[in-house]
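Working notes, structure below.
What follows is calculated from the coordinates using simple rules that are stated; it is not laboratory data. Being a predicted model, the structure only gives us computed values, none of them experimental. Here the Cβ is made from the backbone with ideal geometry for all residues, glycine too, and neighbour counts use every protein chain on show.
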Amino acid sequence: MAKVIDSKIPAGPVPEKWKEYKAHQRLVNPKNKLKLDVIVVGTGLAGASAAASLGEMGFNVINLCIQDSPRRAHSIAAQGGINAAKCYQNDGDSVYRLFYDTVKGGDYRAREANVYRLAEVSNNIIDQCVAQGVPFAREYGGMLANRSFGGAQVSRTFYAKGQTGQQLLLGAYSSLSCQVNAGKVKLYTRYEMEDVVIVDGRARGIIAKNLVTGKLERFSANAVVIATGGYGNTYFLSTNAMGCNCTAAVQCYRKGAYFANPSYVQIHPTCIPVHGDKQSKLTLMSESLRNDGRIWVPKKIEDAKALQAGTKQGWEIPEEDRDYYLERRYPAFGNLVPRDVASRAAKERCDKGFGVNNTGLAVFLDFSESINRLGIDIIMQRYGNLFEMYEEITDVFPGDVANEINGVKYYKPMMIYPAIHYTMGGIWVDYELQTSIPGLFAIGECNFSDHGANRLGASALMQGLADGYFVLPYTIQNYLADQAVWPKVSTDLPEFAEAEKKVDAELDRLLNIKGKRSVDSIHKELGHIMWEYVGMGRTAEGLKTGLKKMHELEQEFDKNLFVPGTKEGLNIELDKAIHLRDFFTMGQLVAFDALSRNESCGGHFREEYQTEEGEAKRDDENYFYVGCWEYKGKGNEPELIKEPLEYEAIKVQTRNYKN
Ligand SMILES: Cc1cc2nc3c(=O)[nH]c(=O)nc-3n(C[C@H](O)[C@H](O)[C@H](O)COP(=O)(O)OP(=O)(O)OC[C@H]3O[C@@H](n4cnc5c(N)ncnc54)[C@H](O)[C@@H]3O)c2cc1C
C-alpha cells in the first residue's frame, strides 16, 4: 500500500486555515515551558529568528552554527529585499495578490495553504523588523520605500540598500543576544551538527562536532529544529557562501526524513559570468537591478561575433540594433519576469550565438536609459554598493559614460549570466513545519515548503522570517504540549552512543583513505557533472549519464580522497570532505527527482517537455504532486512517495507573463 502523508492542513477555506489552526492549537502551559529544551541548528535568518522567539517564549534553546558568530550566516549575503503585502504604494497589492503571485511564480507546484499563510504573516515581519531597528530604506516623507522584484506588477519589496539580509540578520541577532543574556538561549558557535539522534521514533537530540577542538559532543532536547540552509553548493559554483552545505539535511534524510522536490533548483539570471576554471565562487548581482537595468543582446549576429572577438564594445551598438529580448517576449512583465523565465531566455539567446563576451555566455544589463532619465545620483542611491561591487570584481563601473550616439549617452553595461542560486526543494515538512520524523522540524531554505518549482525574488527572507518569528513558535507547541510530561532523555542512552560512534567511524574512514585527490578537485568535478547534466536544461538521457558519472566519481571519492591532518583540533579539509560526501547523496537525489518528473516546471526544465516558444510545459495530470523521497541506503535508488497537491482558491493554469 502506498505510504500516506499527513500534511496536517486544517480543513476549511484557504484564508481561514491559519486562523482555524491557531484557534484549536494546543499551547504549552507557560510553567511547563521552563522544562522543555529545543535545539535549533543554524543562525541564519530562519534559525536566529526561531531561537530568539522560542527563548522569548520561555523555552530553553540550544542554538548552534558553524561560523564564529551568528552574524556570519549565509543570510547576510541577501542583497535585494524582502516582500510583504503592505500596499504602501497604493498600487493594488493585497495578501491575496502576494499569495497569488507566489503560487503562480512557483509554477503551481507549491502547497496552497502554506503560501497563503506566508502572505498573511508577511506584514507582521516588517513591523517586527522595524521595531528591532532594521534600517529599511524610506521615502522622503518617512514612509518605508518599496521596489519591484520579478513576477510581480506591484512594488512590495522592502530593502536596506543592497544589504537587506545583513540588516535583517543584525535585527534577529540583537533579539537572539537579548535571549542569550537572559539565559534562555545557549549559543554554540563553530559547532557542526553531524547527526540527529532518534529515540523511540522521535528526534531527541543531535551529535555535533566542535570545529575548533574536533571533539564530538552530544546534545539532548525535546525537539530539534534544523535551519541549515540550501544545497546549491552541490553544483560547486554557485552564488552561495562557501560554507553552505547540506550535511545536516542529508543526515536527517538518511535517518528517515523525506526529502521533497530536490530537482527544483533555482538558477538566477543576473550573476557575474564565469571567467575561467580556477574560480570557486560566483557573485550575484541583485535582482533589484532589473527595476532600472534593461537586459539585451545585439540584434545582428555580426555584432555579437565582434563583441565575442573583443573588436567591439556594447556601448558602440546603438539603440536600434539592440534586442531587449525580455521586453520583446514578455511585454507585460518585461525585465521583471520570474528568474526561471529570465534565465532560460538568456540561455536561449546565448545558445543561438548572441552571447556578448569571449565565452559567448553573457548578456548585457544596461542602465543607460535609467541614468539618462533619472540621473546618476538617484541610480547610485538605489544601487551604489552593487555598482561598486561589480567594479571591484570586473574593473568596469556601470555608471561610467562610454559613448554618445545621436545625442544619446551610453553607459558601460554590466555583463551577466545565469548561475545556481537557491534551492526550492528541501526536507519535507507538514503544515506545522514538522518533518516525517516526529520531533524534527525544518525551517527556512532547508525545507521545501512555500516556493513550488520556482521562488520569486525577495521571498526567501520572507519565508525564513515567517517560519522563525511567526509560524514555528506556534506550531512546535502542538508537539511540545505532549512532551511536557516526558523527561528530557539522557545523552548516555545507547542511541546517542551509537550515533556518536558512527560519526567518529566516518571521520576515521575519510582520513584513512589517504588517496591522491583533494576535496576541492573532486567537488569541482561533481559540479561540472551537475551543471552539464542536471543543470538548466535536462534530458532523460543526460540525467542517466549524470547519475552514472556521479556514481563513478563517488567511488573515486571513496578510494582516492586525500584529507591531510587528524581529527583532533581544527581540520577544515576534513569538514569539507564530510560536506562533499553529502553533496554526492544530494546530487544523485536531484537527478533521480528530475528523471522521475517527466515535465518541465519552474526551475526544473526537461528539454523534451517545452512549448514551441521554448517555455516550460507542465503535465498537471501526472505530476501535480510534491515528490518526497525516502532514503534506501547508499548507492540504492530512493523511494518516491507522493503528496498530492490540492488547490481550492487558485485556478491552476499555464503561467503567462506576456499580457
Ligand atoms: C547572494 C545572495 C543574495 C540573496 N538575496 C536575497 C534577497 O535579496 N532576498 C531574499 O529573499 N533572498 C535572498 N537570497 C536567499 C536568502 O539569502 C537565503 O535563502 C536565506 O538567507 C536562507 O536563510 P536560512 O536561515 O534558511 O539559511 P542560512 O542563512 O544559509 O543559514 C544557515 C545556518 O545554518 C548553519 N549550519 C549549516 N549547516 C550546519 C550544521 N551542519 N551544523 C550547525 N550549523 C549549521 C550555518 O552556520 C548558518 O547559521 C539571496 C541569496 C544569495 C546567495
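Over segment 32-136, the alpha carbon radius of gyration divided by the compact-protein estimate 2.2 N^0.38 Å works out to 1.28.
In this structure, K8 and E302 have a Cβ-Cβ separation that, at R0 = 51 Å, corresponds to a calculated FRET efficiency of about 0.25. For G205, the amide hydrogen comes within under 5 Å of the amide hydrogens of V197, A221, counting only partners 5 or more places away or on other chains and with H modelled in the peptide plane. Between K281 and N372, full extension at 0.36 nm per residue minus the direct alpha carbon distance yields a gain of 29.4 nm. With the simple spin-label model, which puts each label point 7 Å out from Cα in the Cβ direction, the E506 to E320 separation comes to 6.4 nm. Scaling the Cα radius of gyration of segment 315-410 by the globular reference 2.2 N^0.38 Å produces a ratio of 1.15. Counting only the backbone N, which residues of segment 38-79 are under 13 Å from the spot 7 Å out from the Cα of K488 toward its beta-carbon? Inside the label zone: 38-40, 59-63. Note: the chain, Cα convex hull, 154 Å³ per residue.
Projecting the Cα atoms of N261, P413, V225 onto the charge dipole of the chain (Cβ charges, centred on the Cα centre) puts V225 farthest toward the positive pole.
Only counting other Cβ atoms within 10 Å, I'd like M462, M143, M415, M389 sorted with the fewest neighbours first. Provide the component values of the computation, followed by the final result.
Numbers: M462 29, M143 11, M415 23, M389 18.
Fewest-to-most ranking of M462, M143, M415, M389: M143, M389, M415, M462.
Using a simple spin-label model with pseudo-atoms 7 Å out from Cα toward Cβ, R328 and T311 lie 2.3 nm apart. Given contacts defined as C-alpha pairs under 8 Å and at least six residues apart, what's the relative contact order of the chain, whole-number percent? In percent, rounded to a whole number, it is 20. Ranked by the mean number of other Cβ atoms within 10 Å per residue, highest first, peptides 600-613, 71-84 order as 71-84, 600-613.
Considering only A77, I125, C244, and ranking their Cα positions along the charge dipole of the chain that arises from unit charges at the beta-carbon of Lys, Arg, Asp and Glu, the one farthest toward the positive end is I125. Listed cross-link partners K305/K409; K8/K488; K19/K488 are compared with a 30 Å cut-off, the Cα-Cα value being larger for K19/K488. Taking square-rooted eigenvalues a ≥ b ≥ c of the alpha carbon gyration tensor, is segment 85-189 rounded, prolate or oblate, where a/c under 1.5 means rounded and, failing that, a/b exceeding b/c means prolate? Here segment 85-189 falls in the oblate category.
In terms of distances greater than 28 angstrom between alpha carbons, the cross-link table entries K502/K642; K215/K516; K104/K642; K209/K559; K300/K658; K278/K632 yield K502/K642; K278/K632.
Potential lengthening of the chain between F397 and T189 amounts to 71.1 nm, from the contour at 0.36 nm per residue minus the alpha-carbon distance. Looking only at segment 266-300, which residues have a backbone nitrogen under 16 Å from a spot 7 Å from the Cα of K352 in the C-beta direction? Label zone hits: 295-300.
Each helix, a run of at least 4 DSSP H residues, gives -39500 (n - 2.57); summed and divided by the residues of the chain, these come to -11500 deg cm²/dmol at 222 nm. Counting only aspartates and glutamates at least 8 places from K3 when in the same chain, those with an alpha carbon closer than 12 Å to its own are E630, E639, E643.
So for the chain: antiparallel DSSP bridges make up what percent, rounded to the nearest 5? If we restrict to bridges inside the chain, about 70 percent are antiparallel.
In terms of the ratio Rg/(2.2 N^0.38 Å) built on C-alpha atoms, what value belongs to segment 540-581?
Cα-based Rg divided by the globular estimate yields 1.53.
The per residue volume of the convex hull around the alpha-carbon atoms of segment 246-298 is 157 Å³. Let a ≥ b ≥ c be the square roots of the eigenvalues of the Cα gyration tensor of segment 271-324; is it rounded (a/c under 1.5), or, if not, prolate (a/b larger than b/c) or oblate? The shape class here is oblate.
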